[in-house]
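To keep things clear, I will list the structure first and then write my remarks on it.
The values are calculated or read from the model by the stated rules, or taken from the named source; none is laboratory data. From a predicted model like this one, the values you see are computed outputs, not experimental measurements. Cβ: placed from backbone, ideal geometry, glycine included. Neighbour counts: every protein chain shown.
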Amino acid sequence: MSKKRLFYIGFFVMLFIGFYFILTKLIPGFGQKKTATISFIRPFSFTTQDGMAFTEKDVAGKVFVAEFFFTTCKAICPRMNTNMRLVYDALKDRNDFLILSHTCMPEVDSAAILKKYADSMKVDTRHWVFLTGRKDSLYTMARVSYTIDDPVNNLKNIDDDFLHTQFWALVDRNGDVKKIYDGLKESEVKQLIRDAKKLLK
């Protein structure tokens, strides 16, 4: 093979690499491996610990993790939120990342109670938001949007229904649920942090 031909081959290879590199910088997500989507976020309307309305518009374009707990829980919830604190500490400086903690006992956890709980956690509620609302709406969110509990658990009488799950959902900027994690397992919590950082790039 002549030197001239080798030169042209090398030139076009370098040109292609350079073009590909430019595209990865100009187009978000270009060249990245796409991950499967488990579900997607439906429209919702809840109330924050500060008594403010909070809807799907407040998470638009952001990466977030969602969990369900209740303030009087003595079983798995304290362990879950100790682990969620690891997520908060790792990502609290990112304005495009949120933690959403929904109550599964809205009849107990009013906005004022959630505010007291948030204050006891000493967290910035601009980044870790505590939510209450209608019980049926909260449970539908957990089971249909986040898929962290089986929809067949829905009871005809919502007053008799009870949700208690240790699973968390990681949601990307498009509102797609990308992965479910066990909030009681530190190894999965650490994996969530790594996965969230990838989604934030």
All positions within the range 51-84 that are among the charged types (D, E, K, R) and touching a Phe, Trp or Tyr at 6+ places or on another chain (Cβ under 9 Å):
Glu56, Lys62, Glu67
For the subset of the range 157-185 comprising residues that are among the charged types (D, E, K, R) and modelled with pLDDT of 95 or more, which member is surrounded by the fewest Cβ atoms within 10 Å (Cβ to Cβ)?
Lys185
Within the range 40-84, can you find the residues that are assigned to a helix (DSSP H, G or I) and in contact with a Gly (Cβ under 6 Å, 6 or more places away or on another chain)?
Met80, Asn83
Residues located in the range 27-73, provided they are loosely packed, with under 13 Cβ neighbours inside 10 Å, on the phi < 0 side of the Ramachandran plot and modelled with pLDDT under 95
Ile27, Pro28, Phe30, Gln32, Lys33, Lys34, Ala36
Please name all residue pairs, on different chains or six or more residues apart, with Cβ atoms under 8 Å, provided the first residue is in the range 183-197 and is within 17 Å of Thr165 (Cα to Cα) and in contact (Cβ under 8 Å) with a residue 12 or more places away in the chain and the second residue is acidic (Asp, Glu) and not in a helix (DSSP H, G or I).
Gly183/Glu67
Need the failing condition index for Asn95 against (1) more than 14 Å from the chain's Cα centre (by Cα); (2) surrounded by fewer than 20 Cβ atoms within 10 Å (Cβ to Cβ), just the number.
(1)
State whether one or more residues within the range 105-126 are assigned by TED's automatic domain parsing to the domain that holds Val59 and closer than 26 Å to Thr37 by Cα.
no
Among (1) closer than 20 Å to Phe162 by Cα; (2) in contact with a Gly (Cβ under 7 Å, 6 or more places away or on another chain); (3) touching a residue at least 40 places away in the same chain (Cβ under 8 Å), where does Pro106 come up short?
(3)
